[in-house]
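The values are calculated or read from the model by the stated rules, or taken from the named source; none is laboratory data. Remember, it's a predicted structure, so these values are computed and weren't measured experimentally. Please note: Cβ atoms are built from the backbone with ideal geometry, for glycine as well, and neighbour counts cover all protein chains shown.
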Amino acid sequence: MNKANTPIAKHSLEDAADWLIRLQEAPLTREEKAQLEQWQKAHADNAHAWARVQRLMQQVDTLPKGAAAAVLNRPDDESRRFAIGKLALLLAAGPALWGTYKTLETQQWSADYRTAKGEFQHITLPDGSLVTLNTATAFDMTFNRHSRLLSLREGEIEIHTAQVDPQHFGPFIIHTQEGTLTPLGKRLSVRQCDGFTQLAALEGQVQVTPKRAQQDAVIKIPSGYQAKVSPYELLSSEAISPATTAWLKQMLAVHDMPLKQFAQEVSRYRLGYLRVSPDIENLMVSGAFPTTDTDTILNMLSHTYPIHAKQHLGGYWVTLEPA
């Protein structure tokens with residue numbers, strides 16, 4: 001097998017990306033060079049990952065326009081940090097995943113309504129309905145006599161549906177990747193997750209039709225309940241928890257959530273890359289954290305749990321390690 005295409009363990013790629021960033025920030029000390037050499041010898045995947053670093057550094061011109069110049073020539077400013085971060089992400093995620101990310105990024109910014117990472121927004125639709133957009137959210141809108149359609153591309157929204165004249169507007173409908181939601185009440189929230197839709201019937205029932213359900217099966221989620229839905233079926237249903245609606249107060253509330261999953265949630269609000277050391281990825285985290293300031297979240301973790309937030313590139317790349 002071609003070494004360039006050899007599958008490499010994700011943790012080895014992430015370690016290699018960490019070393020790449022350290023090399024870009026400052027020359028390695030004699031001790032650090034010895035550590036790097038020892039790390040390469042510790043496992044074949046580490047050696048392959050470092051070989052990929054060498055190839056990538058020789059091909060920086062394959063990055064988006066201007067990124068290569070930023071990596072090699074610019075002073076230590078935000079643009080340079082961002083470019084180095086892109087290079088490290090490309091290494092850790094792989095070219096295919098990087099391409100997917102860029103496609104999704106482009107799709108988001110072509111949507112009718114959208115928010116960037118960390119942004120929170122309220123909008124009023126033409127029918128008077130109110131929509132709150134959480135971080136990194138995008139949806140399209142088509143309103144006519146037949147329907148009021150929102151197509152959620154990604155992210156999370158809360159909707160207060162308005163009462164309208166049926167002669168001017170049709171029923172309110174939300175499309176997600178997994179199916180169709182029709183609010184029978186006044187208020188609901190919807191989140192597009194990876195492989196499923198999460199919804200909460202905040203005021204009134206929500207009717208759900210999974211995209212690939214047999215015989216057009218219709219599921220009704222009672223008011224006060226939340227649910228997860230796949231393209232085929234209802235995955236779960238339970239009473240709404242405070243954690244589900246905490247985002248409306250710009251808070252992230254969790255109870256006994258593994259640190260790795262918690263970091264993924266924080267990453268929804270934070271620019272850059274947040275990595276968790278395998279040694280502590282199963283550490284359980286509980287509490288309420290402000291999504292308006294992810295640096296505060298990292299500080300709270302460090303003061304509450306045996307965690308050290310190791311930062312590079314001005315905080316663009318952060319690794320959570322055992323303290």
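Out of everything in segment 260-304 that is part of a loop (DSSP other than H, G, I, E, B) and without any contact (Cβ under 8 Å) to a residue 40 or more places away in the chain, what residue ends up being nearest to His11 (Cα to Cα)?
Glu281
Do you know which residues across segment 138-175 are closer than 18 Å to Arg114 by Cα and in contact (Cβ under 8 Å) with a residue 40 or more places away in the chain?
Leu152, Arg153, Glu154, Gly155, Glu156, Glu158
Counting only residues that are part of a loop (DSSP other than H, G, I, E, B) and either charged (D, E, K, R) or assigned by TED's automatic domain parsing to the domain that holds Ser267 (or both), which one in segment 166-193 is surrounded by the fewest Cβ atoms within 10 Å (Cβ to Cβ)?
Looking at residues that are part of a loop (DSSP other than H, G, I, E, B) and either charged (D, E, K, R) or assigned by TED's automatic domain parsing to the domain that holds Ser267 (or both), I get Lys186.
What's the number of the condition Lys310 fails, among (1) in a strand (DSSP E or B); (2) buried (at least 21 other Cβ atoms within 10 Å of the Cβ); (3) not aromatic (Phe, Trp, Tyr)?
Failing condition for Lys310: (2).
Pick from segment 247-284 the residues that are of a type in the set (D, E, K, R) and either at positive phi or out of contact with any Asp or Glu (no Cβ under 9 Å at 6 or more places or on another chain) (or both): which of them is surrounded by the fewest Cβ atoms within 10 Å (Cβ to Cβ)?
Out of the qualifying residues, it is Asp256.
Being hydrophobic (A, V, I, L, M, F, W, C) and closer than 20 Å to Thr319 by Cα is the filter here; which residues of segment 19-44 pass it?
Of everything in segment 19-44, those that are hydrophobic (A, V, I, L, M, F, W, C) and closer than 20 Å to Thr319 by Cα turn out to be Trp19, Leu20, Ile21, Leu23, Ala26, Leu28, Leu36, Trp39.
In segment 194-218, what count of residues is obtained for those that are β-branched (Val, Ile, Thr), surrounded by 17 or more Cβ atoms within 10 Å (Cβ to Cβ) and farther than 22 Å from Thr137 by Cβ?
Count: 0.
Scanning for something modelled with pLDDT of 95 or more, over 20 Å from His160 (Cα atoms), within 21 Å of the chain's Cα centre (by Cα) and of a type in the set (S, T, N, Q), does segment 183-202 turn up at least one residue?
No, there is no match, as no residue in segment 183-202 is modelled with pLDDT of 95 or more, over 20 Å from His160 (Cα atoms), within 21 Å of the chain's Cα centre (by Cα) and of a type in the set (S, T, N, Q).
When you scan segment 194-249, how many residues do you find that are part of a helix (DSSP H, G or I), in contact with a strand residue (DSSP E or B) (Cβ under 6 Å, 6 or more places away or on another chain) and of a type in the set (Lys, Arg)?
Matching residues across segment 194-249 total 0.
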